[in-house]
1. Has the stretch 239-255 got any residue that is among the charged types (D, E, K, R) and at pLDDT 95 or above?
2. Could we say that ALA85 is closer than 15 Å to HIS47 by Cα and in a helix (DSSP H, G or I) here?
3. Filter the stretch 57-79 for residues that are over 22 Å from ASP306 (Cα atoms), open to solvent by 10 Å² or more (accessible area, probe 1.4 Å) and not charged (D, E, K, R) and give the result.
4. What is the number of the single condition among (1) in contact with a helix residue (DSSP H, G or I) (Cβ under 7 Å, 6 or more places away or on another chain); (2) buried (at least 17 other Cβ atoms within 10 Å of the Cβ); (3) in a helix (DSSP H, G or I) that LEU125 does not meet?
5. Give the residues of the stretch 29-45 that are under 22 Å from THR99 (Cα atoms) and open to solvent by 50 Å² or more (accessible area, probe 1.4 Å), sorted by residue number.
6. If we keep just the residues of the stretch 203-225 that are in a helix (DSSP H, G or I) and farther than 27 Å from ARG140 by Cα, which is most open to solvent (accessible area, probe 1.4 Å)?
7. Could you go through the stretch 274-285 and let me know if any residue there is in a loop (DSSP other than H, G, I, E, B) and open to solvent by 20 Å² or more (accessible area, probe 1.4 Å).
8. Within the stretch 248-259, can one find any residue that is assigned to a loop (DSSP other than H, G, I, E, B), surrounded by fewer than 14 Cβ atoms within 10 Å (Cβ to Cβ) and not hydrophobic (A, V, I, L, M, F, W, C)?
Amino acid sequence: MTCAHGFLAVALAALVVLGGPAASAQTPYGGPLFDAHLHYNDEACVHDAPAPGCPHPLSDVLDRMQRNGVRAIIANSRPNDGTRALAQAREQARAAGVTVVPFIRLYRDRADYNNWFRDPSIAELVRSELARGTPSGPYRGLGEFHLYDSANAQGPIARELMVLADRQNLAVLAHVDDAAIEQLMQHVLDAASQPQPARSAVERGGPVLIWAHTGIGGTPVSRVDELMARFPRLMGELSYRPGLTCEDGQLCPDWRALILKYPDRFLIGSDTWINQRWLYYDGLMQAYRTWLGGLPPDVARAVGWDNGARLFDLPDPGERP
């Protein structure tokens, strides 16, 4: 019995035990998952430090991914040591069936959360990391970064990094509100009006901007729809999104309609920003499988795997190891 078949059997058996008719229940999605928002921060592991400095060593986090059918991750960590550790563990990741897509995080420590947008050294950090790369290859994106006040999206550091992402074909993972989405994309459009040797943002539609949580403050679904229509390279990552699911863990009607309207624009993620999220990793992935199972199979596969894989040219992962 494969892991996928075992997962489905356990889920259906639980329905029977609880008295629910298995025939009428939604079958959980059983395909591969792309975790598009994963942190391996220093709370989880200070690398080369003995326990308790590393409560979640590489073997632990990769095992959590493997048993949940997570076949690829966007890794971004504070500091970037955690991402490099995941990228360096090529044999362990291969054995777990996990592809690591490394992003550069803008944070050396927690103080940078509230200061990166006014600190020129952050842009230097990004350029240094880009030149350095990772043991598994080049970085593929920037972020996650936070802008708690959308006005800070207008600053020179935010502009510089958005233009850099566009010109180097890097994706961006941003925890921002809807106003900041517009401002960040406008930086790229403004730069595209200037002469440049590479293809412009207008030609390419700007960098891929992954909207962490797709509006963690509860941005109305109608507003998300408006931004999706306006910015074809905007993707929505769905961890922590308020109002996403309703009864029985299925999508609320407005979110189901939006995902069906834009089936190629949404991603799932764990957001392991604190260690508690690692402890709940199984439950987080099972919750995604529950509501993905309520979607048409091709849409479930798109949101669960294909959309992320397409962004980074990943092959079909095949069977779980």
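The values are calculated or read from the model by the stated rules, or taken from the named source; none is laboratory data. All values derive from a computational prediction rather than experimental measurement. Every residue, glycine among them, receives a Cβ derived from its backbone with ideal geometry; neighbour counts consider all protein chains shown. Ligands, DNA and RNA are excluded from the accessible area calculation, which covers all protein heavy atoms including side chains. Shrake-Rupley method; radii C 1.70, N 1.55, O 1.52, S 1.80 Å.
1. Checked the stretch 239-255: at least one residue is among the charged types (D, E, K, R) and at pLDDT 95 or above.
2. Details: closer than 15 Å to HIS47 by Cα: yes; in a helix (DSSP H, G or I): yes.
Yes: the conditions hold for ALA85.
3. PRO57, LEU58, SER59, PRO79
4. (1)
5. Here is the first cut: in the stretch 29-45, the residues under 22 Å from THR99 (Cα atoms) are 29-42, 44-45.
Selection gives ASP42 alone.
6. SER222
7. The first filter runs over the stretch 274-285 and keeps only residues in a loop (DSSP other than H, G, I, E, B), leaving 274, 280.
Now drop any that are not open to solvent by 20 Å² or more (accessible area, probe 1.4 Å), which leaves 274, 280.
Yes, the stretch 274-285 contains a residue that is in a loop (DSSP other than H, G, I, E, B) and open to solvent by 20 Å² or more (accessible area, probe 1.4 Å).
8. No, that holds for no residue.
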